[in-house]
Structures are given as structure tokens and as C-alpha cells.
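Input: a single structure, listed below in C-alpha cells.
The values are calculated or read from the model by the stated rules, or taken from the named source; none is laboratory data. Given the structure is predicted, the values throughout are model-derived calculations rather than measurements. All Cβ positions, even for glycine, are placed from backbone atoms using ideal geometry, and neighbour counts span all protein chains on display.
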Amino acid sequence: MGIDSTFTAPRRTDFVVVVNGDLCAPCQAVMPHVTEEHSVAGLIDLQSARSGETITLLQRSLNQGMDFAAHNTTLTWLQHIGRFRRYKYFIFLNSSVRGPFFPSFMPPQWHWTRGYTDQLRGELKLVGASLVCLPTIDHGGHGPKIESWTFAVEPHTLRLLTEAGVFSVRTEKFGMGGVVIAGEYGLSNLLMRRGVAASLVICAACCCCAF
């Protein structure tokens, strides 16, 4: 993710790690760096919250809703503590992400987050890593869908996605109201309906089909 074993974040970057359920795989490594405990009274589904200088660890009570429910927890927490408006960019990662892996010739001062944030200029409001092109018979809707394992947005687009319910907690994975169609595919469907421009980090995927 770009935070090393000492969890030193890149300049002006905060990390939020969300754990779904009781099994906390990253806790052993993260706990020494999140020494401040916070009250979670009144926050549905949030079991505990701890933070350090640049990293926050949130633990949900239930393992449901997949990555979009975890993102919802992050956004709810940032609004709760009054820090939502301080950020210029938001980058979302799910638990399947590994890396980052990039060529050795990249300058040492370059950080992987810039591959996303540097593109969020002008008309471009969302940057993903890759996309999938769905056939006409797919319930998710025909055409390109940005895959949600990692994507970045600026605040205005994030508000559009939140208000449209893209980050709502859903208990089913498939189905018209499930995480995949209403969440992951809902991300791209909303962008196309609103005429919001998006881009990709993996350029080979751009040849698949166009927005």
C-alpha cells in the first residue's frame, strides 16, 4: 500500500485500515502505531477505532458488505471526526491489493499514489486501475465498468457517489441490489449518467471500450 513496516506515510497522506469482523489480520503490525483509542458510541457496526499520527484502524462488528461497506465505514468515520473536508483526494483499495509494483527506473521520490492523483485534473474526476467490458446481456449494464479494487476520486465526485448510495452497506453480493451491480458497477453507471470523465492507470485496458 505504500506504508512500510514502520507505517511512515508519504507526505500529507493519511491511511485508514478497516477490518471486517473479528479476524484482524493486520492488527499485529498496525497496533503499535495506533495507540489512541476513540469512542464509537452511536456509530452503527463500528466495534472499535484507534489512531496514530498518520494511520487509523477501524474494526467493524460484522463481516458483510465487502469492500464498499468498509469504504462506507471510512467515510462515516471521517465525517464523524470532522476531517472529511480536509482531503483533496480519496484513494480506495480493497483487501486483494498487493504491491505496489512498478519499474526500477522510477525515481525514488515518486510515490504510487501520484499515478492516480496526478490524473485528477480538469474534466477527469475519477481514476481507476482497470476496467471490464460487460456484454449486453449482463445485468450490470452493457459497456465499460471500472473495477473497484482500487480507484481514486476528488471530493465532489465522492459526494455524488455517496448520495447515490454506491457505498451503502449491502448484505448480498449478487442481484440487482447487490454489492457487485449496485456498488462496483454502480460506480461506472453513475459516472456515465452524469457525464463524469474517468481515466485508467493501466493503459492497455483503455483499448477495451470507451466511455
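Of Gln59, Gln47, all but one fail to be crowded, with 17+ Cβ neighbours inside 10 Å, in contact with a strand residue (DSSP E or B) (Cβ under 7 Å, 6 or more places away or on another chain) and either more than 21 Å from Ser148 (Cα to Cα) or not basic (Lys, Arg) (or both); the exception is Gln59. Please enumerate the residues belonging to region 107-124 that are surrounded by 10 or more Cβ atoms within 10 Å (Cβ to Cβ) and touching a residue at least 24 places away in the same chain (Cβ under 8 Å). His111, Trp112, Thr113, Gly115, Tyr116, Thr117, Gln119, Leu120, Leu124, listed by residue number. Annotation note: Cβ proximity below 8 Å between a residue of region 50-66 that is in contact (Cβ under 8 Å) with a residue 60 or more places away in the chain and a residue that is in a loop (DSSP other than H, G, I, E, B) and among the hydrophobic types (A, V, I, L, M, F, W, C) (sequence gap 6+ or interchain) occurs for Gln64/Val169; Gly65/Val169. Candidates are the residues of region 68-106 that are crowded, with 18+ Cβ neighbours inside 10 Å and in contact with a Gly (Cβ under 8 Å, 6 or more places away or on another chain); the one that is modelled with the highest pLDDT is Asn72.
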